[in-house]
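Peer 1: The structure under discussion is supplied below as structure tokens; questions concerning it will follow.
The values are calculated or read from the model by the stated rules, or taken from the named source; none is laboratory data. From a predicted model like this one, the values you see are computed outputs, not experimental measurements. Note that we place each Cβ from the backbone using ideal geometry, even for glycine, and neighbour counts take in every protein chain shown. Only protein heavy atoms, including side chains, enter the accessible area calculation; ligands, DNA and RNA are left aside. Shrake-Rupley method; radii C 1.70, N 1.55, O 1.52, S 1.80 Å.
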There are 2 protein chains.
Amino acid sequence: MAVKEIEGGVCAAAGFKASGINCGIRKSKTKKDLALILADVPCSVAGVFTQNIVKGAPVVVSKKHLRGGYCETARAIICNSGNANTCNADGMEIAEKMCSLVAERLEISPKDVFVASTGVIGQRLDIAPIEAGIDGLFEALSTDGSRDAAEAIMTTDTHSKEAAVEFTLGDKTCRLGGIAKGVGMVCPNMATNLIFLTTDVSIDPEYLQRALSRDVKSSFNMVSVDGDQSTNDTCLLFASGLAGNDRIRCVGPDYTAFCEALNAVTVKLSKMLAKDGEGATKLVECAVSGSASSYTAKRIARSVIKSSLVKAAMFGADANWGRVLCALGYSGAKTDVNKIDVSFTSKAGSVEVCRGGCGVDFSEETAKKVLSEDEVTIEVNLNSGKFKAVAWGCDLTYDYVKINGDYRT
Amino acid sequence: MAVKEIEGGVCAAAGFKASGINCGIRKSKTKKDLALILADVPCSVAGVFTQNIVKGAPVVVSKKHLRGGYCETARAIICNSGNANTCNADGMEIAEKMCSLVAERLEISPKDVFVASTGVIGQRLDIAPIEAGIDGLFEALSTDGSRDAAEAIMTTDTHSKEAAVEFTLGDKTCRLGGIAKGVGMVCPNMATNLIFLTTDVSIDPEYLQRALSRDVKSSFNMVSVDGDQSTNDTCLLFASGLAGNDRIRCVGPDYTAFCEALNAVTVKLSKMLAKDGEGATKLVECAVSGSASSYTAKRIARSVIKSSLVKAAMFGADANWGRVLCALGYSGAKTDVNKIDVSFTSKAGSVEVCRGGCGVDFSEETAKKVLSEDEVTIEVNLNSGKFKAVAWGCDLTYDYVKINGDYRT
């Protein structure tokens, strides 16, 4: 049941092609702004979406097309950057039209096409450049197209994000991969997470949804860059079934192996999203252990990662552990403060800063060395149980303020 | 029942003296670091404290001295800056000792003395400079000492904060005033709100506590600078009874008038705290109206004020209203998005940016002028009821990152 990392991103699994082009939604004539992911065969599909009550039109349309998690005929995802198609007058119409443009070409129902958008909100998304670009988008489709699609969904991401793994179910080799975009903006405007995953595993949509819904709780939902939950967050998972495995129709060893492979990809993408947070100079991980419950561990890990004071300290490579205890203390979770140990760890080493809720003497020099690495872990042991959780975030920097404080125009 | 602003801060009410000195807790030989507020007579006292499960030792001691809200013999508050006396080995002992030092001088029980500390956490607070400074602290006591005390509790606050009002109960002139410190740090370390209020109104401690507990929900609890709730937040209210009014022992017109005066002072101090947030260049107010419930209005106002993206936009004077809707949408409160109107207002004018959940055309030039003022209001009308709430915060600036990202040493 070994899970091996491979290349190929969203096209790693059998039966998927992708493309990404510049169609003219953005002012730039070179930056790609339209992506397509196409399955050769009808797929099971699972999806999770933003919990924000202000939802982008594409989120509403894609949720509808998911048909409560029982859709087995999904074929394509179309996604634009440069405009979030949110909080405007005819957003629903435009989002449906994007699906129709793809469906007409494939002679399928628009319901089997999913849609996502990211970029500025509150402005009308012009369908004209998408209509004009659709031919080129189909022509560019390729099993090598993952990178192009990953680039086309970027906003202020500094690099594209792809991941894929190979694993076996019975005697069949299976693959699962995906692309993601993180937090960034166009004009600038809104941080949005978009994640598109594909696999060639054969699995009932019910179990696909179950696997995805469970997975995001320990992967994407544990990522925070600035605590602002976007109106357009979308994660979709297509399963083509072309690996030829015995179809997963229940919980069992195959389902477990599938969940493990899924988690390998989603955690890798989660770390990429956190590390490429706006203005970030480093990935900050908070690993909570010794918790009396999974809920407490998750709540504390997220609270520490979201704290502006902790994030600013990480930027300054300052071993300011009091802020970690402070963030832990207002998380809403209950734990015995007098049992808490805290250490900072990176590839430069490890330094214990707090034991039993009180400060311990430590070398500021060593701590600074540890915290100056570009991936840092805040280890919190609650010494109160056996549950664990990990959350990922980034530091708070001058560039975050610059990117988000500059005028839109 | 008119409430009139007056001078005098925490010494405005009859029966109170205050002082602030440098005793040597800080490295600086000039910055004041020890404050005392002394009542001439035994007082009713009310208090509210941080909800953080990691609590500073002074918070634990002061809560104990409050005796469940039935203490009528309170006499003094001693407070130091430069060290939070939190997460260290003998913090409780030191906090109790601070109370004893004051009590011995007055020949009263240490239980009638309240204590607070702000500054770096996780380091031992040396009692020696406090012991050595206690004589000077008493000698400096004066009815003009409010400013000195307000300065002595400051950390990275850029200026001291005082407010006071005069009002009448029956035919008696009453006064209520206070001092506060906001978010800042010493080494730097922890953001902490400390608020000390005094009044000469005669009131049972039960009703004093009731008034204060209710008041903070619409005043200090509606302030957010960075969402990090300190381990040491403390708000204390002493009532000397020297105004000679008929003692307030029940809810009625006098109680209502008292609550109104209290709110005038706490809201004024709340705005001062928000405006002087670390690195802040402006006060940002979010006024929610037309809400179906007070809970929804408060929750939305706080969510908007806390959003890093909204705060960064305010710094850039960017009318990025999509971020306001976004923050409103993830607040956890339910409301009909299609009814929401948003405007930005300041003394430079007002500009409507969103109507019925959709963007409206507006002049970017006017918007920039409105948002460039040093006090800006984000007006959100939910058009769904009659409840209102106001929250106060500040913008997110380069200086916030600088203050909190720099090394402690």
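Peer 1: Less than 15 Å Cβ to Cβ from B:Cys71, Lys/Arg counted +1 and Asp/Glu -1: what total charge do the surrounding residues give?
Peer 2: Working: positive: B:Lys63, B:Lys64, B:Arg67, B:Arg75, B:Lys111, B:Arg210; negative: B:Glu72, B:Asp112, B:Asp204, B:Glu206.
The answer is +2.
Peer 1: Give the long-range amide H neighbours of A:Ser293: residues separated by 5 or more places, or on another chain, with amide H under 5 Å away, using H modelled in the peptide plane at 1.01 Å from N.
Peer 2: Sorted by chain and number, the residues that satisfy this are A:Phe387.
Peer 1: Going by the alpha-carbon gyration tensor, a ≥ b ≥ c the square roots of its eigenvalues, is region B:342-402 rounded (a/c under 1.5) or, if a/c is not under 1.5, prolate (a/b greater than b/c) versus oblate? Walk me through the intermediate numbers first.
Peer 2: Working: a/c = 2.04, a/b = 1.32, b/c = 1.55.
Here region B:342-402 falls in the oblate category.
Peer 1: How large is ³J(HN,Hα), in whole Hz, for each residue of region A:398-404 in order, when computed from phi with the Karplus curve 6.51 cos²θ - 1.76 cosθ + 1.60 and θ = phi - 60°, using x for Gly and Pro?
Peer 2: Karplus-based 3J(HN,Hα) across region A:398-404 equals 4, 5, 4, 5, 4, 4, 9 Hz.
Peer 1: Which FRET efficiency value, to the nearest 0.05, do you get for A:Ser142 and A:Lys402 by plugging their Cβ-Cβ distance into 1/(1 + (r/R0)^6) with R0 = 41 Å?
Peer 2: Numbers: r = 37 Å, r/R0 = 0.90.
Approximately 0.65, to the nearest 0.05.
Peer 1: Next up: Have a look at B:Gly357, B:Gly82, B:Gly277 and tell me which one the Gaussian network model of chain B (Cα, springs below 10 Å) gives the largest fluctuation.
Peer 2: B:Gly357
Peer 1: Moving on. At a Cα cut-off below 21 Å, give the lysines reachable from B:Lys271, other chains included and same-chain residues fewer than 8 away excluded.
Peer 2: B:Lys4, B:Lys161, B:Lys181, B:Lys217, B:Lys282, B:Lys298, B:Lys306, B:Lys311, B:Lys347, B:Lys388
Peer 1: Restricting to bridges with both residues inside the protein assembly as shown, how much of the DSSP beta-bridge set is antiparallel, in percent to the nearest 5?
Peer 2: Numbers: 110 of 154 bridges.
The antiparallel proportion sits near 70 percent.
Peer 1: Which residue fluctuates most in the GNM of chain A (Cα springs below 10 Å): A:Leu36, A:Leu328, A:Leu176?
Peer 2: For chain A, modelled as a Gaussian network with Cα springs under 10 Å, the answer is A:Leu328.
Peer 1: Here's another thing I want to ask about it. Across region B:241-301, what fraction of all alpha-carbon pairs, as a whole percent, falls in each successive 5 Å bin from zero upward?
Peer 2: Once binned at 5 Å, the Cα pair distances of region B:241-301 give 3, 14, 13, 15, 19, 15, 9, 9, 3, 0.
Peer 1: How high is the FRET efficiency between B:Thr158 and A:Glu260 when r is their beta carbon distance and R₀ equals 60 Å, given to the nearest 0.05?
Peer 2: On the way: r = 53 Å, r/R0 = 0.89.
The formula returns an efficiency of 0.65 here.
Peer 1: Going by alpha carbons, how many degrees (0 to 90, nearest 10) lie between the helix axis of B:205-218 and the longest principal axis of chain B?
Peer 2: That works out to roughly 30 degrees.
Peer 1: Can you work out the accessible area per residue across region A:303-399, with the rest of the protein chains kept in place, probe 1.4 Å, in square angstrom? Could the numbers behind the result be given before it?
Peer 2: On the way: 3630 Å² over 97 residues.
Here the residues of region A:303-399 average 37 Å² of exposed surface.
Peer 1: Taking all pairs of different Cα atoms in region B:102-255, averaging 1/r and flipping that mean, what Kirkwood radius in angstroms comes out?
Peer 2: On the way: mean 1/r = 0.0570 Å⁻¹.
In region B:102-255 this quantity evaluates to 17.5 Å.
Peer 1: Okay, next question. Could you pull the copy-to-copy label distances for B:Ile108, with points set 7 Å along Cα to Cβ, in nm to one decimal and sorted shortest first?
Peer 2: For B:Ile108, the inter-copy label distances come out at 7.9 nm.
Peer 1: Moving on to the next point. Kindly work out what percent of the DSSP beta bridges joining two residues of chain A are antiparallel, to the nearest 5. Don't jump to the answer; show the numbers that get you there.
Peer 2: Details: 55 of 78 bridges.
Around 70 percent antiparallel, to the nearest 5.
Peer 1: When the accessible area of region A:21-178 is computed with all protein chains present and a 1.4 Å probe, what percentage of it is carbon and sulfur? It would help to have the intermediate numbers written out before the result.
Peer 2: Working: 2800 of 5910 Å².
Percent of accessible area from carbon and sulfur atoms in region A:21-178: 47.
Peer 1: Please report how far the C-alpha centroid of region A:1-29 lies from that of region B:43-63, rounded to the nearest whole angstrom.
Peer 2: Going from one Cα centre to the other spans 55 Å.
Peer 1: So, one more: Interface size between chain A and chain B, please: total buried accessible area, 1.4 Å probe, rounded to the nearest 100 Å². Walk me through the numbers before you get to the answer.
Peer 2: Numbers: alone 16790 and 16790 Å², together 29010 Å².
So the total buried area for this chain pair works out to about 4600 Å².
Peer 1: If you don't mind, there's one more thing I want to ask. Could you work out how far apart the two model spin labels at A:Asp246 and A:Thr366 are, taking each label as a point 7 Å from the Cα in the direction of the beta carbon, and quote it in nm?
Peer 2: 5.3 nm
Peer 1: Using a 1.4 Å probe, how large is the accessible area of B:Trp392, given in Å² and rounded to the nearest 10?
Peer 2: Accessible area of B:Trp392: about 10 Å².
Peer 1: So, one more: Which far-off residues, 5 or more places away or on another chain, put their amide H under 5 Å from the one on A:Asn22, with H placed in the peptide plane?
Peer 2: A:Asp33
Peer 1: Suppose R0 equals 56 Å. What FRET efficiency, 1/(1 + (r/R0)^6) with r the Cβ-Cβ distance, do B:Glu93 and A:Asp204 give to the nearest 0.05? Each step should come with its number before you reach the end.
Peer 2: Numbers: r = 64 Å, r/R0 = 1.13.
The pair B:Glu93/A:Asp204 has a calculated efficiency of 0.30.
Peer 1: For A:Leu169, enumerate residues with amide H under 5 Å from its amide H, sequence gap 5+ or separate chain, H modeled in the peptide plane.
Peer 2: Answer set, sorted by chain and number: A:Cys174.
Peer 1: Okay, next question. Across region A:34-40, in residue order, what do the Karplus-derived ³J(HN,Hα) couplings come to in whole Hz, using 6.51 cos²θ - 1.76 cosθ + 1.60 with θ = phi - 60° and x for Gly and Pro?
Peer 2: Values, residue by residue: 9, 10, 9, 10, 10, 9, 5 Hz.
Peer 1: How compact and how long is region A:42-168, expressed as Rg and Dmax of its alpha-carbon atoms in Å?
Peer 2: My reading of the Cα-based Rg and Dmax gives 14.7, 48 Å.
Peer 1: Now for a separate question. Given springs between every Cα pair under 10 Å in a Gaussian network model of chain A, which of A:Ile37, A:Ile203, A:Ile94 has the largest fluctuation?
Peer 2: Of A:Ile37, A:Ile203, A:Ile94, the most mobile in the Gaussian network model is A:Ile94.
Peer 1: Given N residues in chain B, what is Rg(Cα) / (2.2 N^0.38 Å)? Working shown, then result.
Peer 2: Details: Rg = 21.6 Å, N = 409, 2.2 N^0.38 = 21.6 Å.
So the Cα radius of gyration is 1.00 times the expected 2.2 N^0.38 Å.
Peer 1: Follow-up question, since we're still on this one. Accessible area, 1.4 Å probe, largest first: how do B:Lys388, A:Lys217 sort? Could you put the intermediate results ahead of the total?
Peer 2: Values: B:Lys388 150, A:Lys217 115 Å².
So, going from the largest accessible area down, we get B:Lys388, A:Lys217.
Peer 1: Here is a follow-up. Roughly how many Å² of B:Met92 are accessible to a 1.4 Å probe, to the nearest 10?
Peer 2: Surface accessible to solvent at B:Met92 totals approximately 80 Å².
Peer 1: With θ set to phi - 60° and the Karplus curve 6.51 cos²θ - 1.76 cosθ + 1.60, what are the ³J(HN,Hα) couplings of region B:130-138 in order, to the nearest whole Hz, using x for Gly and Pro?
Peer 2: Rounded to whole hertz, the list is 5, 4, 5, x, 5, 4, x, 5, 5.
Peer 1: What aspartates and glutamates could a cross-link reach from A:Lys32, if we take a straight Cα to Cα line under 12 Å and drop same-chain neighbours fewer than 8 places away?
Peer 2: A:Asp148, A:Glu151
Peer 1: Any idea how far apart A:Ile6 and A:Arg105 come out in nm if each label point goes 7 Å out from Cα toward Cβ?
Peer 2: Calculated label separation equals 2.6 nm.
Peer 1: May I pose another question? With viscosity set to 0.692 mPa s and temperature to 37 °C, compute the Stokes-Einstein D of the protein assembly as shown, Rh being the Kirkwood radius across alpha carbon pairs; µm²/s, no decimals.
Peer 2: Numbers: Rh = 28.2 Å.
For these conditions, the coefficient is 117 µm²/s.
Peer 1: Copy-to-copy spacing for A:Thr366, label 7 Å out on the Cα-to-C-beta vector, in nm, shortest first?
Peer 2: Here the equivalent label points are 6.3 nm apart from this one.
Peer 1: In addition: Taking the label point as lying 7 angstrom from Cα along the Cα-to-Cβ axis, what are the distances from A:Glu139 to the corresponding position in the remaining copies, in ascending order and in nanometres?
Peer 2: Those separations, rounded to one decimal, come out as 9.1 nm.
Peer 1: I've got another one for you. So what's the angle, to the nearest 10 degrees on a 0 to 90 scale, between helix B:294-306 and the longest Cα principal axis of chain B?
Peer 2: Tilt relative to chain B: about 90 degrees.
Peer 1: Tally the DSSP beta bridges in region B:176-335 and give the antiparallel ones as a percent, rounded to 5.
Peer 2: Bridges in region B:176-335 that DSSP calls antiparallel: roughly 45 percent.
Peer 1: Got the relative contact order for chain A handy, in percent, Cα pairs under 8 Å and 6 or more residues apart? Write out the running numbers ahead of the final one.
Peer 2: Details: 1112 pairs, mean separation 72.6, N = 409.
About 18 percent, as a whole number.
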